[in-house]
Amino acid sequence: MAKIFQLTIGFVLLLFTLGCLSCNNNSGKENSLAENPDSIKMIIAKFNDALPLTFDSGNELDSIYYDKVGNEAVFSMVIDDAVGVVDMDSLLSGGEAAKKLLISELKTNGKALDMYKQLAQGGLDLRTVMMGKRGRSSCQVMLSAQQVMDIKADKNGENKASQAAISSRDSLDLLIDSINALCPDSVSKKITMTKVQVENNYLVYNYVCDEDGVTVDRMKGEMKGWKASADSKLRHPEPQLLALMKLCINNSLGMKHRYMGKETKQAIDYSFSAVDLSKMCNHPLPEGYVEIKERIKEPKPQQPASNNDAQRRVNGIY
């Protein structure tokens, strides 16, 4: 009986504390959770009882703890790197793409968003540590209390295709940021990857070649062999490459590798369109897919040489 009484008192106290959080916080420190660490711990313990929460993407809100020194509620989120969307060995250090990904996840999960908001209403800042399931590399994303309160839940239940497109693009931005964080990256003694970017309808990997060792003209002769080798890998992809291909397809993108001479600035490339990738890995193109035409600068037409010009060349004048 005494145990039931204690539990009842504890539950009433929790309801009272949460009720205070829902009031307007105009009284400053009087309503601040930071002034009552025991209340914070009690609320977080209650939230942890409801964790883990799994998002539609496969990512998971795992646990929460209170950092008294920083006056922060620290959330642990496990990223499903098993699908290869993010290379967790080179995960970005809390960039805008990671913040976008977190906010998009919270918009689609009311329970998780409610936890963030209740702690934000108490005047706490929110820190989220993202960690890969396999690689265990991590990054941190900071959200102020006001940023959390500004997040609006997706109450209208927009169609899953639309949500998937948003999540897919955020995942692509996260991947690009994580790769560019490592650039410049030496691929070989003579070739360096400088950046990755979305251009027209391709995910483009840019490389610079040291022409003292590898000339662009020589690379042109080897390009067919390089593309054939890449073609073989794409038709029999490793799990992480397969996931990258699907991510590109979901965003209507192909894959392109562009090589530029360090001195001459001449560029050559080989590419696979989204349609090519779709056929290679048997993954459907997005509904309503329309190929974007590449914006290529047409070379200026050459004027035919006159008879006088031809005679001058013969005479060695120019």
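A short reminder: the numbers here are calculations on the coordinates, not readings from a lab. It should be emphasised that the depicted structure is a prediction, and the values quoted were computed from it without experimental measurement. Heads up, the Cβs are rebuilt from the backbone with ideal geometry, glycines too, and the neighbour counts pull from every protein chain shown.
In table form, for the structure just shown:
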| item | result |
| --- | --- |
| Long-range HN-HN contacts of residue 63 with modeled amide H, under 5 Å | 76 |
| Ordering of 168-174, 66-72 by packing [mean C-beta count within 10 Å, highest first] | 168-174, 66-72 |
| Integer Hz, Karplus 6.51/-1.76/1.60 couplings in order for segment 189-200, x for Gly and Pro | 5, 10, 10, 10, 7, 9, 5, 10, 8, 8, 9, 6 |
| Distant-in-sequence amide H partners of residue 199 (H built 1.01 Å from N, under 5 Å) | 204 |
| Distant-in-sequence amide H partners of residue 133 (H built 1.01 Å from N, under 5 Å) | 79, 81, 82 |
| Pairwise label distance in nanometres, residue 265 with residue 151, each label 7 Å out on the Cα-Cβ vector | 4.5 nm |
| Calculated FRET value between residue 111 and residue 194, using beta carbons and R₀ = 41 Å, to 0.05 | 0.45 |
| Per-residue HN-Hα couplings for segment 204-212 [Karplus 6.51, -1.76, 1.60; θ = phi - 60°; Hz; x = Gly/Pro] | 9, 9, 9, 10, 10, 10, 6, 6, 5 |
| Efficiency of FRET between residue 140 and residue 223 - r from beta-carbon atoms, R0 35 angstrom, step 0.05 | 0.25 |
| Spacing of the two label points (7 Å from each Cα toward its C-beta) at residue 183 and residue 283, in nm | 2.1 nm |
| Packing rank of 40-49, 108-117, where each peptide gets the mean count of other beta carbons within 10 Å, highest leading | 108-117, 40-49 |
| Check: segment 106-152 dipole with +1 on Lys, Arg Cβ and -1 on Asp, Glu Cβ, in debye | 320 debye |
| Karplus-derived 3J(HN,Hα), 6.51/-1.76/1.60, for each residue of segment 241-246, Hz, glycine and proline x | 5, 4, 5, 5, 4, 5 |
